[in-house]
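Remarks on the structure that follows.
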Amino acid sequence: MSAPSDSFDTAQVPEPKVSEREARQVAEAAREQGWRKPSFAKELFLGRFRLDLIHPHPAPPAEDVRRGEAFLATLREFCETRIDGAQIEREARIPDEVVDGLKELGAFGMKIDRKYGGLGLTQVYYNKALALVGMANASIGALLSAHQSIGVPQPLKMFGTQEQKDAFLPRLARTDISAFLLTEPDVGSDPARLATTAVRDGDDYVLDGVKLWTTNGVVADLLVVMARVPKSEGHKGGITAFVVEADSPGITVENRNAFMGLRGLENGVTRFHQVRVPAANRIGPEGAGLKIALTTLNTGRLSLPAMCVGAGKWCLKIAREWTAAREQWGKPVAHHEAVGEKISFIAATTFALEAVVDLASQMADEDRNDIRIEAALAKLYGSEMGWLMADELVQIRGGRGFETADSLAARGERAVPAEQVLRDMRINRIFEGSTEIMHLLIAREAVDAHLAVAGDIIDPEKTLSDKAKAGAQAGAFYARWLPKLVAGAGQLPNSYAEFHPKGHLDLSAHLRYVERTSRKLARSTFYAMSRWQGRMETKQGFLGRIVDIGAELFAMSAACVRAEMLRTQGEHGREAYQLADVFCRQSRIRVEELFTRLWSNTDDVDRKVVNGVLAGTYTWLEEGVIDLSGDGPWIADATPGPSERDNVRRPIR
């Protein structure tokens with residue numbers, strides 16, 4: 001590798017300025033375009049309830065179960081004896097000896113194949129491990145997840161050359177920590193504006209730019225960096241992925257960020273100034289970086305809802321123990337209806353969320369289905385429901401829920417960190433795609449079949465002949481599709497009869513509801529597309545509700561399928577049926593409310609108020625407030641150049 005050269009000029013590369021349409025085109029080009037495998041969720045949004053794709057519930061091979069359970073037992077002992085979550089919360093740092101211990105266990109190589117020194121666990125057991133360690137301390141869960149779900153191992157596994165795998169995976173399995181660097185100070189969910197550049201110079205690329213919120217970036221040894229290669233003769237250019245040694249000359253970790261929760265998170269700001277990276281470290285071709293990132297996240301997103309499952313289980317345990325011990329007005333508070341309904345919500349939702357995560361994870365392991373929508377729905381649903389469960393626990397605990405664990409212990413009570421769990425859970429609605437972005441991402445996939453046949457009709461750049469051809473194709477598609485949305489198995493009283501076994505509650509009625517409602521959802525989507533056409537993509541409130549309905553239907557399906565699996569295995573079948581039934585009843589209420597809000601909402605008037613706020617119409621409403629936020633810039637300067645700050649990188653060895 002060539003020595004760094006301060007004289008190499010990258011200043012001539014302009015920061016990208018893109019229009020809204022160009023930004024959408026970049027995101028669209030990064031999508032996985034085809035559907036080579038079936039997708040339960042995709043069919044659900046099209047009004048086709050393909051229960052056969054998820055039932056009977058897929059099962060892991062016995063050897064995978066044996067190895068997975070053995071590792072969980074070892075990890076549990078480590079969590080109980082070697083991790084002090086309260087210490088991490090107080091000191092805002094995971095002790096080096098804990099990280100070293102996790103390395104020795106192989107926890108950093110859970111998803112890395114055994115031939116490279118990893119454990120080679122399935123997605124199912126990887127998720128169970130994250131749920132376990134995440135409750136010992138959520139920052140440790142984030143450390144392991146960022147390393148394996150979105151860090152160097154996963155993109156190398158999917159897109160790396162054999163030479164890259166041989167060089168890096170053994171290190172990542174046992175000794176090295178990795179981080180994923182995409183976000184920039186002025187670039188969040190709009191990658192078309194990515195400003196970090198990678199300019200080819202001989203056998204190297206020269207990186208310049210600043211990355212923000214680099215989870216693990218403070219302690220990482222290897223980085224996945226997304227940078228823009230300028231288009232030039234012989235170079236396609238575009239957003240490209242690189243494996244970068246974190247100790248390369250020109251890399252400075254300028255700040256370790258601090259957050260509301262996840263106080264042990266090693267998340268920073270990383271500056272690249274003329275950092276030379278061998279071309280051999282490029283993952284995939286030039287311009288494939290964003291596609292690599294999104295494809296990696298398709299499965300990587302499952303780690304986050306897995307940790308939400310762990311939090312839900314803990315919330316249920318604390319709620320059960322506390323409400324049985326705490327008495328008010330002559331009886332335990334659990335027996336007061338206002339509290340009881342919260343406990344029921346936590347129990348039913350934990351069951352359903354575990355069903356969603358386990359089902360999607362097992363489908364990922366089997367690789368028979370395309371789970372891009374299922375994984376995204378799991379992330380969306382898990383993060384939203386996980387936050388609600390933690391919030392309800394704080395409410396159940398009352399003042400003690402708002403009090404810190406250290407304060408509770410100091411006055412002689414059990415140190416229940418309910419407020420910490422609430423703070424730690426809050427980031428999940430933002431991590432790996434915010435709820436709002438997830439709504440748009442899933443909605444795009446959900447309407448893919450429609451855009452495939454009718455997209456040219458609403459594309460302003462298409463010619464009249466193209467539109468006419470698209471119109472003919474759309475007419476043929478809808479002539480076949482629309483009649484199938486009128487009637488289905490959900491209207492037949494004996495459908496899904498195996499979900500109403502003798503002596504158990506009736507889950508078949510809920511599956512019939514899912515079937516009927518999926519057709520209603522598809523009709524609503526079609527009507528909206530007919531009504532708004534090209535403006536459909538601007539109706540983000542409507543699209544979000546469509547996606548939320550789909551998420552509820554997916555969760556109901558998963559809950560019923562899991563309950564039936566547990567019944568046939570003789571493992572708490574009766575109780576599982578009860579939890580699935582309660583969840584489906586709660587979910588159906590939410591679905592009906594969402595359908596009402598599709599057409600009866602305040603979206604239009606909200607938009608008028610927003611315009612007024614931005615125009616300064618309501619500044620009088622802000623009078624009388626004291627603003628403690630100071631006068632600094634909203635977005636820090638990220639102009640490329642040498643760092644003027646100390647390097648706070650802290651490798652763990």
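The values are calculated or read from the model by the stated rules, or taken from the named source; none is laboratory data. The structure displayed is predicted, hence computed values, not measured ones. Here Cβ is always computed from backbone atoms with ideal geometry, including for glycine, and neighbour counts include all displayed protein chains. Just the protein is used for accessible areas: all its heavy atoms, side chains included, with ligands, DNA and RNA removed. Shrake-Rupley method; radii C 1.70, N 1.55, O 1.52, S 1.80 Å.
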Residue ID - farthest from the chain's Cα centre (by Cα), chosen from residues in region 419-437 that are under 17 Å from residue 265 (Cα atoms) and modelled with pLDDT under 95: 430
I'd like to check something: does region 438-450 contain any residue that is more than 17 Å from residue 376 (Cα to Cα) and over 26 Å from the mean Cα position of the chain (by Cα)? no
Can you tell me which residue within region 487-534, out of those that are part of a loop (DSSP other than H, G, I, E, B) and among the charged types (D, E, K, R), is surrounded by the most Cβ atoms within 10 Å (Cβ to Cβ)? 506
Being part of a helix (DSSP H, G or I), in contact with a helix residue (DSSP H, G or I) (Cβ under 9 Å, 6 or more places away or on another chain), over 21 Å from residue 46 (Cα atoms) and open to solvent by less than 30 Å² (accessible area, probe 1.4 Å) is the requirement here; does residue 542 meet it? no
Those residues of region 65-112 which are hydrophobic (A, V, I, L, M, F, W, C), more than 11 Å from residue 129 (Cβ to Cβ) and surrounded by 14 or more Cβ atoms within 10 Å (Cβ to Cβ), in sequence order: 65, 83, 86, 88, 92, 94, 98, 99, 108, 112
Members of region 233-263 found to be over 20 Å from residue 222 (Cβ atoms) and either crowded, with 23+ Cβ neighbours inside 10 Å or of a type in the set (A, V, I, L, M, F, W, C) (or both), listed by number: 258, 259, 260, 262
Quick one: in region 321-338, which of the residues that are open to solvent by 60 Å² or more (accessible area, probe 1.4 Å) and not aliphatic (A, V, I, L, M) is nearest to residue 396 (Cα to Cα)? 326
Among residues of region 402-418 being aliphatic (A, V, I, L, M) and part of a loop (DSSP other than H, G, I, E, B), the residue surrounded by the fewest Cβ atoms within 10 Å (Cβ to Cβ) is 415
Condition test on residue 192, is it at negative phi and modelled with pLDDT of 95 or more? no
Kindly indicate the residue of region 453-486 that is open to solvent by 60 Å² or more (accessible area, probe 1.4 Å) and in a loop (DSSP other than H, G, I, E, B) and also modelled with the highest pLDDT among those meeting that condition. 486
Among the residues of region 166-198 satisfying the criterion of being among the β-branched types (Val, Ile, Thr) and in contact with a helix residue (DSSP H, G or I) (Cβ under 7 Å, 6 or more places away or on another chain), which is surrounded by the fewest Cβ atoms within 10 Å (Cβ to Cβ)? 175
Being closer than 30 Å to residue 194 by Cβ, of a type outside the set (A, V, I, L, M) and touching a residue at least 60 places away in the same chain (Cβ under 8 Å) narrows 647, 611, 601 down to just 647
Cβ-Cβ below 6 Å, separation at least six or inter-chain, first residue in region 426-452 and closer than 30 Å to residue 475 by Cβ, second open to solvent by 50 Å² or more (accessible area, probe 1.4 Å) and of a type in the set (Lys, Arg): which pairs? none
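Residue-wise test of (1) surrounded by fewer than 10 Cβ atoms within 10 Å (Cβ to Cβ); (2) closer than 30 Å to residue 523 by Cβ.
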{"residue": "577", "(1), (2)": "no, no"}
{"residue": "583", "(1), (2)": "no, yes"}
{"residue": "588", "(1), (2)": "no, yes"}
{"residue": "600", "(1), (2)": "yes, yes"}
{"residue": "603", "(1), (2)": "no, yes"}
{"residue": "614", "(1), (2)": "yes, no"}
{"residue": "618", "(1), (2)": "no, no"}
Here is a list of conditions, (1) part of a loop (DSSP other than H, G, I, E, B); (2) in contact with a helix residue (DSSP H, G or I) (Cβ under 9 Å, 6 or more places away or on another chain), and residue 644 meets all of them except one; can you say which number that is? (2)
Of these, 209, 234, which one is out of contact with any Gly (no Cβ under 8 Å at 6 or more places or on another chain) and modelled with pLDDT under 95? 234
Filter region 124-141 for residues that are open to solvent by less than 10 Å² (accessible area, probe 1.4 Å) and within 15 Å of the chain's Cα centre (by Cα); the one that is farthest from residue 378 (Cα to Cα) is 141
Can you pull out the residues in region 333-371 that are more than 18 Å from residue 384 (Cβ to Cβ), charged (D, E, K, R) and in a helix (DSSP H, G or I)? 337, 341, 358, 365, 366
Any residue in region 304-319 that is crowded, with 24+ Cβ neighbours inside 10 Å sitting within a Cβ distance under 9 Å of a residue that is not in a helix (DSSP H, G or I)? List the pairs, counting only those 6 or more apart or interchain. 304/431; 304/432
Any chance residue 537 is loosely packed, with under 12 Cβ neighbours inside 10 Å, out of contact with any Lys or Arg (no Cβ under 6 Å at 6 or more places or on another chain) and farther than 29 Å from residue 56 by Cα: no
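If a residue has to be among the hydrophobic types (A, V, I, L, M, F, W, C) and farther than 16 Å from residue 353 by Cβ to count, how many in region 575-596 make the cut?
4
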